[in-house]
Every structure is written in C-alpha cells, then in structure tokens.
Amino acid sequence: MEQYLIRSKNIFTGLRDAPESAAIAVEGKSIRKVLPWDYTEETPYAQWPLYDYGEQLILPSFIDAHTHLFSGAINASDYVCDTLGQGKSQEECVEIIKKFADEHPDQKRIRGAGWFVGNWNDAPMPDKRSLDAAIPDRPVYLQCADAHSFWLNSAALLEAGIDPDLELENGVICKFDNGELSGLLLEPAACAPATEKYMEFSDEELREINRNFQKILASCGIAGASEMFADDYVPDTYRRYEILKKLDEEEGLCAQIYAYTKLFGYTDFTPYFEMKKHFTSEHFHIQGVKGFVDGVTETYTGLLLEPYEDRPWTCGDGLPLWPQEKMQEEIIAANRSGIQVRLHCIGDGSVRMALDMYENSRKVNGEQNLYNTVEHIENIHPLDIPRFAELNVIPSMQPYHLTLSNNDKIFRIGAARCQYEWPIRTILEHGGQIAIGTDYPVVTINPFVTLYAAVTRKDDEGIPTGHNPWEKLELNQAIRAYTLGAAKVYHADDKTGTLEEGKMANLIVLDTNLFTCREEEIPSTKICVNYFEGKKIYQQ
C-alpha cells in the first residue's frame, strides 16, 4: 500500500474558512492524517516520501452536483460542433454549423450544440428552412444550450420519424401555420426521437467517447459527476451504462459517476432496484430518480406563479410536464422505497410545487435521510426560501447559468421577480445546504468559470450580470458548495468533499491561489496535479 505526504503552505481542507499550512498523510486511497506543516517530530510519517508544493493552493477535488455525462461526453467529442453558442443570431449559427459540416464530409449525421435564443436579441425561434438551404443532404440535429429544445433540418425530421400529429406526454412539436413541421422540438418527450439519433453511436465509438471524457474530468479536477437525464429502464439505457461499467472495471474511471433514472410513470420501483443491483462497479452507481416539473423560461415552458411579463396570458405553456397528482404519488412511493428524488424546477411555480410535494412525502413517510433536491431554481418566491432548511431539501444550483441567461429573465419575468433569480446566497443564509454544479453540457464543465460566476455575478467579460448582485458568494462558501455540498447530494459526504482523516484522498493542486488572486484570474486557473483516491491521475 503506497504511503506518502503532500505538503503546502496553502491547503484548504474545507473545515475552516481559509487555507492553512499543513501536510496530508495519504495511505492507499485514503487520508491517514492531516498533520502540521512542520511534522518532523511526527512518526512514522517523517519517513514517508514527501511531495512538497510550496505555497500552491490545494483543495478537495471538485464534485459537480449536476451533469449529463453521456450527452456531455458526446458534445466534447469530435462528432459534435460545440461552438454554436458563439452565434448571435440564427444566421450566424447556420454559418457555424455549415463550416463544421464542410470540414467533416464523412459524418453521415451533423450534430451541434449550444445555440441559445437568449443570445439572439429577442429574435424569434429558428426553423428548418435556414438549415435546409445550408445543409440539404445530411440530417442536422442542433441541441439548444439548455438541452430542452432541438432544431432540425428536413432530412433529420425524416430520419427521426417526427410525427406532427403524435400525442405527447409533454412538450411541443412545432409547426408552421399550414401544419407543416417547422423543425423545432420543445421539451423531453418531443425531443426524444431527435435525442435518440443525436446519441446513436456504436459500442466502440461510445467506449472511446467516454474514455476521452474521463481525461477531461481528470484535467478539470472533478472527482464526482452524474448522469441526470432520467433514463428509462430500457435496453438502450442498459447498453450505454454497461459500456461505462466495463470501462470502469477494465481501466478505472477518473471520477465517481452517479446515475439518476426515471421517476415519472413509476410507483413500483422494481426496475430501479434491478438496475441498481446490476451496475455495481467501483465508480459507477445508480443513485436515485429524477423528474422534470417544468422546462425553461426562454421558451415559456418554465412554470411561474404569476403570468409572464411578455406573455401575460400564460404562467407557462403545457405545464407541469407531468400531472401533479401522479408526481406526488411517485415521489411518495420513491421515498418510501428509500430512493432519493431530484426534480428539475426553473420557475417559482415549479419550485413551490416541488417543495409542496416533498413536504407531503415527508408527512406520509416521516423524516428520512434522503436529501431530495430541487434542481436549478432560476427564480423563487421569497416565502419559499426558508423551506429548504425546514424540509431538509438541498437546492442544487448552477451559478454560471446566470451568465448563459444574459439578462433574458428581465423580459420574461420582470424586475420584481428578478430580485429572486438564482438566489443562492439568500437560500444559504436561511440555512439551506447549497450544492453547486454546471448542468454540463448546458455550460462548460470547467469549474473555475463557475466559481468566478458564483463569487462575482459577472459574465465572461467581467461585466456584472443579473439583477441581484448581493447573491454572490464568498469564495470559501462557493468551494464548499462545489465540494462538500455536492458530495452530500450524492450521499458521499462521509467519503469525500473535505480533506480530513478517513476520507478518500481526492485533492487538487492549482496554479493560482484563489484566495489571494484578483477575481479576474479565477477563470483562467488551471489544475497542476489531480490525485484521485490517492493516485496521481493528471499532471499538467
């Protein structure tokens, strides 16, 4: 069993508010002891090999509370044009994807990700005509940055078998006034056929895609991530999960991966437990279930308590995405079975609905140590803020999404409700246990731009964004939420999230001291060394 010491004048263990001088004794996969920096009189550690990092900052490895691992791995591959977010109009996005298609003549299917109507100066949603003119001969599937919409050309509509008359459990298949398909699909059920084609690869391709993505996680210092797509218990899910399980068994993953499967439609969770029993590798786990209460405010599928400012006849179209009565039964059944529930909630209406349903589950099932979560919380009614602490529900939030929104909510929900957009600090100050993540591939998985957004509420150019700058976090708060807070969401806080005796030796060495550098230096910070379970898995 390997034994060694790691030392620095700046180690942030997560147990105090600032870095301290210390040495960490690592034995095998775990931290044996945290020692004073001058440990020379300590035995037997004085005889162990020493890795001295001088004054470089050492942190617990990041744990991303919310990612979509499989689609994220695909988007990070050479099969996808991931630069559509640079387009500031439908026309610019078409130019970007046309260039990608011309540079990849061998790809039978063109995939792109990152377009976002919020970046288009209130322009209308796109349609197939511009894609047909640019790329008529190959199917084109363009995933919106928020992953709640797809934009297809005619060839893709045909290949995916999009039926304009299909009755959906949620979502919208958009049409022109004459009934013809427009090429735009909104929300999960409508997007499902396009998602299937977007993620269709051979086993060998998927294995390589996931292997390469593990390297990205290692280079970002991420020791925990998730698959939050709410996959159903069907053969294709088993196939994709089996690839990751075998990769772990044969080569070892670079992070713990937690999958959340489908909540909606189930009160008997036998399929969940069968899947959980099957996938038992060291680093890949079936961890809980997930549902989508609403969509996103950009397409008016976010559920509000009061009408939209710019569409006053609706509080959200086609919402909730699943009947509340059914959701309530399923949440109670899942919690009764000891299964954690995580709910996607963007608007204040969906957040309240989720909290109400969790409260009812608690009344039926009693106090449980399950840490149900509400995901995203892009706006909230102030009366609901203290309920997270009262109900022991964890808010799982993504600070960088404020930048992605590009102040779009001021048009959708108005100035009064924007005082409570992404209210991360207020929830924390009311006793909430915050978990931070990215929702990758909605935004970059780079943790340092997320940290920058969390502590500054500024965009990539350093310009203040949003309408409530007081919601920015202190650096130590943000790091804790990105480590211990996220670990708690995964029920792994007894194993990781802080640097202390008995926990896994998951730690990273940075090239910048985040506690002393200028704010503007945070996004460009790099991982110098990454130790995962005591093993050095990345070095710059």
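Going by the structure shown, is V26 in contact with a strand residue (DSSP E or B) (Cβ under 8 Å, 6 or more places away or on another chain), in contact (Cβ under 8 Å) with a residue 60 or more places away in the chain, open to solvent by 10 Å² or more (accessible area, probe 1.4 Å) and outside any loop (DSSP other than H, G, I, E, B)?
For V26, the condition - in contact with a strand residue (DSSP E or B) (Cβ under 8 Å, 6 or more places away or on another chain), in contact (Cβ under 8 Å) with a residue 60 or more places away in the chain, open to solvent by 10 Å² or more (accessible area, probe 1.4 Å) and outside any loop (DSSP other than H, G, I, E, B) - is not met.
Residues being charged (D, E, K, R) and either modelled with pLDDT under 95 or open to solvent by less than 20 Å² (accessible area, probe 1.4 Å) (or both): count how many of those fall in the range 492-532.
Initial filter on the range 492-532 (charged (D, E, K, R)): 493-495, 500-501, 503, 511, 518-521, 526.
Adding the requirement that they be either modelled with pLDDT under 95 or open to solvent by less than 20 Å² (accessible area, probe 1.4 Å) (or both) leaves 503.
Adding up the residues that qualify gives 1.
Just wondering, is there one or more residues in the range 273-288 that are open to solvent by less than 30 Å² (accessible area, probe 1.4 Å), part of a helix (DSSP H, G or I) and under 30 Å from G347 (Cβ atoms)?
First, pick out the residues of the range 273-288 that are open to solvent by less than 30 Å² (accessible area, probe 1.4 Å): 275, 279, 281, 283-284, 286, 288.
Then drop every residue that is not part of a helix (DSSP H, G or I), which leaves 275.
Checking the rest, the ones that are also under 30 Å from G347 (Cβ atoms) come to none.
Looking for residues that are open to solvent by less than 30 Å² (accessible area, probe 1.4 Å), part of a helix (DSSP H, G or I) and under 30 Å from G347 (Cβ atoms), one finds none in the range 273-288, hence no.
Within the range 35-54, is even one residue at pLDDT 95 or above, of a type in the set (D, E) and more than 23 Å from A218 (Cβ to Cβ)?
No; the residues of the range 35-54 include none that is at pLDDT 95 or above, of a type in the set (D, E) and more than 23 Å from A218 (Cβ to Cβ).
Take residues that are touching a strand residue (DSSP E or B) at 6+ places or on another chain (Cβ under 8 Å) and open to solvent by 50 Å² or more (accessible area, probe 1.4 Å) and tell me which of the strands (runs of 3 or more DSSP E) falling wholly in the range 125-239 contain 2 or more.
Result: 172-175.
Return a yes/no flag: does the range 47-59 have any residue that is free of Cβ contacts under 8 Å to residues at least 12 places away in the same chain and either closer than 30 Å to R211 by Cβ or open to solvent by 20 Å² or more (accessible area, probe 1.4 Å) (or both).
Scanning the range 47-59 turns up at least one residue that is free of Cβ contacts under 8 Å to residues at least 12 places away in the same chain and either closer than 30 Å to R211 by Cβ or open to solvent by 20 Å² or more (accessible area, probe 1.4 Å) (or both).
Quickly run through the range 322-366 and pick out the residues that are in contact with a Phe, Trp or Tyr (Cβ under 9 Å, 6 or more places away or on another chain), among the charged types (D, E, K, R) and assigned to a helix (DSSP H, G or I).
Once the filter is applied, which keeps residues that are in contact with a Phe, Trp or Tyr (Cβ under 9 Å, 6 or more places away or on another chain), among the charged types (D, E, K, R) and assigned to a helix (DSSP H, G or I), the range 322-366 yields K326, E330, D348.
With the requirement that a residue be open to solvent by 30 Å² or more (accessible area, probe 1.4 Å), modelled with pLDDT under 95 and not aliphatic (A, V, I, L, M), what does the range 390-422 give you?
Result: N406, N407, F411.
Given the residues L428, L451, which is the only one that is in a helix (DSSP H, G or I), open to solvent by 40 Å² or more (accessible area, probe 1.4 Å) and out of contact with any Cys (no Cβ under 9 Å at 6 or more places or on another chain)?
L428
The values are calculated or read from the model by the stated rules, or taken from the named source; none is laboratory data. On a predicted model such as this, the values are computed, not experimentally measured, just so you know. As a convention, Cβ positions derive from the backbone with ideal geometry for all residues, glycine included, and neighbour counts pool all protein chains shown. Please note that ligands, DNA and RNA were not included when accessible areas were found on the heavy atoms of the full protein model with its side chains. Shrake-Rupley method; radii C 1.70, N 1.55, O 1.52, S 1.80 Å.
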